[in-house]
Protein chains: 2
Amino acid sequence: MLTLIPRTDFDRVRSRSGGDDLLAVLADMCRANALTAVKRAGSGHLGSSFSALDLVVHLLLAELNVAQVGWDDPNRDVFFSSKGHDVPGLYAALHALGVIPTERLLRLRRLGGLDGHPDVGVPGIEANSGSLGMGISKGRGIAWAKRFLDRGGRVVVMVGDGELQEGQNFEALQAAVHQEVGRLWVIVDRNELQSDRPTEEILALGGLTDKLAAFGWLVESCDGHDHAELRRVFEKFRADPGVPCALVARTIKGKGVSFMEHPRALADGAGTYRWHAGAPGDEDFARAHAEIVERVDARLAELGLDPLRLEPVPALDESPAVSLQGEPESGAGAPAVRPTVTDEYVAQAYGEALLELAETHAELVVLDGDLASDCRVRAFELSHPARFIENGIAEQDMVSMAGGLARHGLLPVVNSFASFLASRANEQIYNNASERSRIIYALHYAGLIPAGPGKSHQSLRDISLLGALPNCVVVQPGNAEETRALVRWAVAESTENVAIRLAIGPSPRRLELPAGWRLERGRGTTLAAGDSAVLFAYGPVMLHEALVAAETLRAAGTRLTVIDLPWLNRIDRDWLADAVAAHGDVFVLEDHAPVGGLGDALRRELAEAGLADGRSLTVFGVDGWPACGTPVEALRFHRLDGGSIAQRIAERLGVRSVT
Amino acid sequence: MLTLIPRTDFDRVRSRSGGDDLLAVLADMCRANALTAVKRAGSGHLGSSFSALDLVVHLLLAELNVAQVGWDDPNRDVFFSSKGHDVPGLYAALHALGVIPTERLLRLRRLGGLDGHPDVGVPGIEANSGSLGMGISKGRGIAWAKRFLDRGGRVVVMVGDGELQEGQNFEALQAAVHQEVGRLWVIVDRNELQSDRPTEEILALGGLTDKLAAFGWLVESCDGHDHAELRRVFEKFRADPGVPCALVARTIKGKGVSFMEHPRALADGAGTYRWHAGAPGDEDFARAHAEIVERVDARLAELGLDPLRLEPVPALDESPAVSLQGEPESGAGAPAVRPTVTDEYVAQAYGEALLELAETHAELVVLDGDLASDCRVRAFELSHPARFIENGIAEQDMVSMAGGLARHGLLPVVNSFASFLASRANEQIYNNASERSRIIYALHYAGLIPAGPGKSHQSLRDISLLGALPNCVVVQPGNAEETRALVRWAVAESTENVAIRLAIGPSPRRLELPAGWRLERGRGTTLAAGDSAVLFAYGPVMLHEALVAAETLRAAGTRLTVIDLPWLNRIDRDWLADAVAAHGDVFVLEDHAPVGGLGDALRRELAEAGLADGRSLTVFGVDGWPACGTPVEALRFHRLDGGSIAQRIAERLGVRSVT
């Protein structure tokens, strides 16, 4: 049974006069509630929620005016986190302040609940974040607007220390000084760890305070869990409103739960920190929660207050039919992953294929942007440390470095999440491509699912972002076998750059390819045969939904051909002519926006091949902003689950509707 | 009559034993030839070619091994310029070394000649550059590859000082130290000016050497025109091969021509430096060239050498029919612009519209990334300094700052070249859009023309880069009137973000809109009526070519309807049904790649509206990498000039061919 500390308990503690001691207790109470919310969601970032919570609570409850004047007041102090994945902690604090109701806190990462990363649609959230490095720029914009509009209030931006590897931060730092934007504070949550390893190991920040000072900021440093220290620093900042101020707050990742605190947890994990993301298992959860509650109760007793009145949390309204269960996230040890077909992780097959190809391709080198575990290249790193390049959270630098490697005879394989790699490093990818060298871009985490992290992490534009490059093939494999074949092709055969989209989760079903199957450029594979219409799809998530749709329709007498087409912008015309020959109705199921994906490519090909006449082509894609929620919630929201697809196809064909 | 210093003169001077004095003479000789090449091309960057030339000549002739071992040797020292627009100077040096033949030097910015920015297809060019901030990352990749492959040679990357505003530089600096990449040198051409104003005015770099040192580099500083000093610094760097080294070379922009040297030129221009880009007029050219040649001859005499033997340069093979003549580039004073219809600059109309709207829209603020003159917002800056934000060369920061402004009640209008803004800041645009605030992105320099600067500046993917955003309208006006109407609509009416593509040059013809014309969302305007087929186009360049095509076809009896459709991803379905009602053959002329532009949008709309059946749709777009050359050369190369379009349409329609 999960429990939550009710808002009334926060009010009770806050109403007790008292200073820094109370803030520490309140931060701990928020830790307990963030832990419950993440446990219930099944994922979320505890490590940095906990490292940041003393700062968050101190700011919102003791330093800033926003809890008093409200989040609509133009003169409010603005606070947000640029890294954003610490948002469970912030949600807990906003819940403590009555800004976020209990029922919503309990719907973390669920449809209509709280997004996995900050979204301004949620009360109290001042900026969308989650993709790193944009916050100081954005905060400066807000501070500039306040000055221009003659409004009161400061702007406080929390950044992670790993996040400072992103170059945009330094653009923002220099501009703030040049533009003389005051009332802008940056607080570095210096917890010394990035996703699962120490910052100094991934990409050392060097003398951080010196660096910030070299950019002209007023820099202070203190213990980020010591409220007296924080008070002292903020007083100093307040006295100097004309200069942008930075606090390097030394914190402990996982602070407040002994076995999650990073020095110990890092030792336990033999150098890998396992509490960056993901919900703890039942036992770990119980230990962690009990530890926090006991400490809070002990402090309350010292203050002469009653112990906490924990309220039981209602049971989760589990979705009845989970298409894709797992939602792994950063961290090798991320628990709560319940794979459906574990040996059908395409990401895993990708990592294994690279390892295998390394033996025969001495020119192959692997680049990583602090996501080695998620991108399944940790094994490569361990086996081939001399051929593995860790670049930290700096996608642009990583891509341009790959350009230099490629020009001098190496074959770089560049890894990051699709949303960051295809978008943030887009011009660098273009620049490399214009040198006509050859690079493989592995776009992990592509598509709608997992939908829990929210729109900063859901990549639904990447095909469109790379599709107009003259020499870049975009592909997405549907199962492990196809993954291995595509990676092999990309390394050994392709004459162009290859962008390979990879679903990060386990596959919802094992896709069987025909016996003797082999990969052919531009050609797909029929997974189900029928004469009513043809449905093209790609990737494990949507191929599963396509097959569910075919199975559903078949029960109503409509027989759908389902084709797995992993080639998203290079389609063999002869093959296509055969594939559509028997069909007047062509459907495309995109794990992408309806614009710029496979649907557009097919429409183009059909038209140019003279195959368009007398054929309808209908695209089902992710319309609008991708929904945040469980896989089922997100698929249903966009009407892209198998049942909805069946219904939409039946409507289009004018055949008997399916239930 | 233009003249060139022949290679034999360089050999003669180089064969004379002598040290630093000779290097200064050789640099001056390269200045004279770069000046001639730029004058002949009609555009190019002289200011930074001249500031960098002592460095370039010193490196290639005295310090690096590459001129001895050759540009194919794997153990060569690698040198390239990250800023890249100083490439006329480098070309002159490569010509002096016999790497680039004379006839090619004389084809600067011409098809099959030398690209306006570096391209590895040109002998001696080691990296594509021109879009700023990628060089240190790329150089690090090369140095890493050399170490990994056990090859000899150093890597030397030249960067501009203004260029250091790009955050990617700082990503690269920190990674070089962390990855312990030695044999990597960065030379900052610290000429203190960016496009046309002082770096300290646009966005101060602060204590540059301190900054670089704070990132862990070995930093030196010296006079970048003093060869003895350079020798001393490079000796020191050579002694320390394990550490990345940076030289801040203090240089003078325009060095070598008294009236182009920046302290004087800046005073002459009342704070604006006019020799950043563009070729000088005839008189200025003659003065500049004579000054250099006289100084060289005097030095040669001192050295006991004969004077220069200037060779006359053959006359320019002017293209017979220039569709679009002007190729303006950075710099208010850029000469050699020969506009066809000067009052039909869409960029100019854009700037004027902003000024006008500023009166009635107090929330409107303008952001610039060091391109205020080109983007025609200098007048806004002067009229409304408090509403103008200069962000320097840091597009990501600029866009995220705009996000903060927009969230707090302002309407930011963000300006840069399309290739930089839509691509480099793509993820920041996505992040802002996800906050459902409203921002206008002005994508200057969009499309194929001007084609002289080369692919780093030609933006042919921007529609595809923004088209899949759920809430971003992409438009491109065809003339000044449409520009004013679209800007007004974007500011006062649109509920979505607006990306407005703008051609930077003068219009090749005045496009007449019907009397009483008014802008209607999603609807185009018929510019020529005919019953043979319909051709959709947008923007001044392609609308002109479309009309030329119609005029050409008409002579052969084929009557084309030409429709100006400025809405590139929002098309009114009812209007479209009318527009194509009489036509079975639909053509689209893209100022964009054939993928992801208006053609795809029209195909989508026709299909979804049930208008596709029995209709062919043919897209003419910029296939492959955009050609570098004059407007006519580039248009012809891609078969997108009016004549070629007429021929392609005639072929498609099976009508009498046109000449």
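Some notes on this structure:
- Filtering the range A:400-418 to residues that are within 7 Å of chain B (Cβ to nearest Cβ) and not hydrophobic (A, V, I, L, M, F, W, C) leaves A:SER400, A:GLY403, A:GLY404, A:ARG407, A:HIS408, A:GLY409.
- Across the range A:356-380, the qualifying residues are those that are away from every other protein chain (no Cβ under 14 Å) and assigned to a helix (DSSP H, G or I), and the one among them that is surrounded by the most Cβ atoms within 10 Å (Cβ to Cβ) is A:PHE380.
- Hits in the range B:147-165 (condition: open to solvent by less than 10 Å² (accessible area, probe 1.4 Å) and more than 7 Å from chain A (Cβ to nearest Cβ)): B:VAL155, B:VAL156, B:VAL157, B:MET158, B:VAL159, B:GLY160, B:ASP161, B:GLY162, B:GLU163, B:LEU164
- Unmet requirement for B:HIS85, which otherwise passes all of (1) over 28 Å from B:ALA246 (Cβ atoms); (2) surrounded by 24 or more Cβ atoms within 10 Å (Cβ to Cβ): (1)
- Of A:ARG603, A:ARG615, all but one fail to be basic (Lys, Arg), within 14 Å of chain B (Cβ to nearest Cβ), surrounded by 22 or more Cβ atoms within 10 Å (Cβ to Cβ) and touching a strand residue (DSSP E or B) at 6+ places or on another chain (Cβ under 7 Å); the exception is A:ARG603.
- Total residues in the range A:419-442, condition within 13 Å of A:CYS472 (Cα to Cα) and either outside any loop (DSSP other than H, G, I, E, B) or facing chain B (nearest Cβ under 9 Å) (or both): 14
- Selection from the range B:648-659 of residues that are out of contact with any strand residue (DSSP E or B) (no Cβ under 8 Å at 6 or more places or on another chain) and either more than 24 Å from B:GLY584 (Cβ to Cβ) or in contact (Cβ under 8 Å) with a residue 12 or more places away in the chain (or both): B:ALA650, B:VAL655, B:ARG656, B:SER657, B:VAL658, B:THR659
- B:GLU608, sole failed condition from (1) out of contact with any Leu (no Cβ under 6 Å at 6 or more places or on another chain); (2) farther than 24 Å from B:VAL475 by Cα; (3) not aliphatic (A, V, I, L, M): (2)
- Enumeration of residues in the range B:518-550 that are within 21 Å of B:ALA347 (Cβ to Cβ), in a loop (DSSP other than H, G, I, E, B) and of a type outside the set (A, V, I, L, M): B:TYR538
- The condition of being open to solvent by less than 10 Å² (accessible area, probe 1.4 Å) and free of Cβ contacts under 8 Å to residues at least 40 places away in the same chain holds for only one of A:LEU218, A:LEU212, that being A:LEU212.
- Residues of the range A:520-549 that are free of Cβ contacts under 8 Å to residues at least 60 places away in the same chain, among the aliphatic types (A, V, I, L, M) and touching a helix residue (DSSP H, G or I) at 6+ places or on another chain (Cβ under 9 Å): A:LEU527, A:ALA528, A:VAL534, A:ALA537.
- Residue list for the range B:443-476, filter: outside any loop (DSSP other than H, G, I, E, B) and not β-branched (Val, Ile, Thr): B:LEU443, B:HIS444, B:ALA446, B:GLY447, B:SER459, B:ASP462, B:SER464, B:LEU465, B:LEU466, B:CYS472
- Residue match in the range A:93-102 (condition: more than 30 Å from A:PRO450 (Cβ to Cβ) and in contact (Cβ under 8 Å) with a residue 24 or more places away in the chain): yes
- Restricted to helices (runs of 4 or more DSSP H) entirely inside the range A:92-190, those with at least 2 residues that are touching a helix residue (DSSP H, G or I) at 6+ places or on another chain (Cβ under 6 Å) and either on the phi > 0 side of the Ramachandran plot or of a type outside the set (Lys, Arg) (or both) are A:135-148, A:168-178.
- No other residue among B:VAL580, B:VAL548 is open to solvent by less than 10 Å² (accessible area, probe 1.4 Å) and more than 11 Å from chain A (Cβ to nearest Cβ) apart from B:VAL580.
- Yes/no for A:VAL57 being surrounded by 24 or more Cβ atoms within 10 Å (Cβ to Cβ) and closer than 30 Å to B:GLN428 by Cα: yes
- Looking only at the range B:231-258, residues that are crowded, with 16+ Cβ neighbours inside 10 Å and under 18 Å from B:SER48 (Cα atoms) come to 11 in all.
- Within the range B:166-193, the set of residues being facing chain A (nearest Cβ under 10 Å), closer than 17 Å to A:ALA214 by Cβ and open to solvent by 20 Å² or more (accessible area, probe 1.4 Å) comprises B:VAL177 only.
The values are calculated or read from the model by the stated rules, or taken from the named source; none is laboratory data. From a predicted model like this one, the values you see are computed outputs, not experimental measurements. Here the Cβ is made from the backbone with ideal geometry for all residues, glycine too, and neighbour counts use every protein chain on show. Keep in mind that these areas ignore ligands, DNA and RNA; they rest on the heavy atoms of the full protein, side chains included. Shrake-Rupley method; radii C 1.70, N 1.55, O 1.52, S 1.80 Å.
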